[in-house]
Amino acid sequence: MESVVSLTSVSRRYPRGVLALRDVSLEVPAGQFVAVMGATGSGKSTLLHCAAGLDRPTSGRVRLAGRDVTRLREAALTRLRRDRVGFVFQSYNLLSELTVRQNVALPARLGGPRGRPVDEVLESVGLGGLGRRPVGELSGGQRQRVAVARALVTRPVVIFADEPTGALDPATGAQILGLLRTAADLDGVAVLMVTHDPVAAAWSDRLVLLREGAVVADGATPQAEAIAERLRGVSRVAA
């Protein structure tokens, strides 16, 4: 079965010769939760952005939901992201002047698939009864739940999460990670998460470590203490 996300020999060079990714190959199948870690500047966010079609690689190939995104025109790529992909970011990326329900329904209002009923998704993330509340009145944890609900409402094949718990307290962060874990386990959604937190990474099935833009480790996720030790090792070498 074809992977939901596939990177083949992907490199990304920015202006002034900065090489953010170096010949990265990565396959993410349906239902797998993958955590990507590395020192600051290791290329974590660049990898996620290239995988999600938010940035185009300098060389190599990226396939997303069966489509070669390196060959897609911008309009087709935008539709692919809208219809098949969910995003959860540290900054939430919500419209504070809209209600909870309006934010979650936004993909469909922009022409995306109807997907799951909004109220059903809000119940699943613990926001039942808050659909009419303006997002600007919510706590940080509640806002991130809205972001997860918006990511799930179109029945995506993959969710890209960039530091989704970075602005949350540990208990609330665990609730958000539990929602991503459930999406992978029950709905078969592939999850690719960038994080700096070993406790967050421990929720994943698979751990990918980056150093200076290259994959230096890729395997089953160990316990949080072992993740922290591996991350320290990567950071020491990178320094």
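The values are calculated or read from the model by the stated rules, or taken from the named source; none is laboratory data. Bear in mind the structure is a predicted one, so any value in this text is a computation, not a measurement. Note that we place each Cβ from the backbone using ideal geometry, even for glycine, and neighbour counts take in every protein chain shown.
Each residue in the range 199-239 was checked for being under 16 Å from the mean Cα position of the chain (by Cα) and not hydrophobic (A, V, I, L, M, F, W, C), and 3 of them qualify. Pairing each residue of the range 189-214 that is over 29 Å from residue 153 (Cβ atoms) with any residue that is of a type in the set (Asp, Glu) and surrounded by fewer than 23 Cβ atoms within 10 Å (Cβ to Cβ), provided the two are 6+ apart or on different chains, yields C-beta distances under 7 Å for 214/23. Among the residues of the range 207-237, which ones are over 20 Å from residue 47 (Cα atoms) and in contact with a helix residue (DSSP H, G or I) (Cβ under 6 Å, 6 or more places away or on another chain)? Those that are over 20 Å from residue 47 (Cα atoms) and in contact with a helix residue (DSSP H, G or I) (Cβ under 6 Å, 6 or more places away or on another chain): 224, 228.
With respect to the stated conditions, residue 16 is at pLDDT below 95, farther than 17 Å from residue 207 by Cα and out of contact with any helix residue (DSSP H, G or I) (no Cβ under 6 Å at 6 or more places or on another chain).
Is there a residue being within 28 Å of residue 143 (Cα to Cα), part of a strand (DSSP E or B) and either at pLDDT 95 or above or in contact with a Cys (Cβ under 7 Å, 6 or more places away or on another chain) (or both) anywhere in the range 211-232? Within the range 211-232 (the criterion being within 28 Å of residue 143 (Cα to Cα), part of a strand (DSSP E or B) and either at pLDDT 95 or above or in contact with a Cys (Cβ under 7 Å, 6 or more places away or on another chain) (or both)), the answer is no, since none of the residues qualifies. Is it the case, given these coordinates, that residue 35 is within 26 Å of residue 199 (Cα to Cα), in contact (Cβ under 8 Å) with a residue 12 or more places away in the chain and touching a helix residue (DSSP H, G or I) at 6+ places or on another chain (Cβ under 9 Å)? Judged against the criteria, residue 35 is a match. Within the range 118-133, being exposed (fewer than 15 other Cβ atoms within 10 Å of the Cβ) and in contact with a strand residue (DSSP E or B) (Cβ under 7 Å, 6 or more places away or on another chain) holds for one residue alone: 132.
Of the residues making up the range 51-77, those that are assigned to a helix (DSSP H, G or I) and surrounded by 14 or more Cβ atoms within 10 Å (Cβ to Cβ) number 2.
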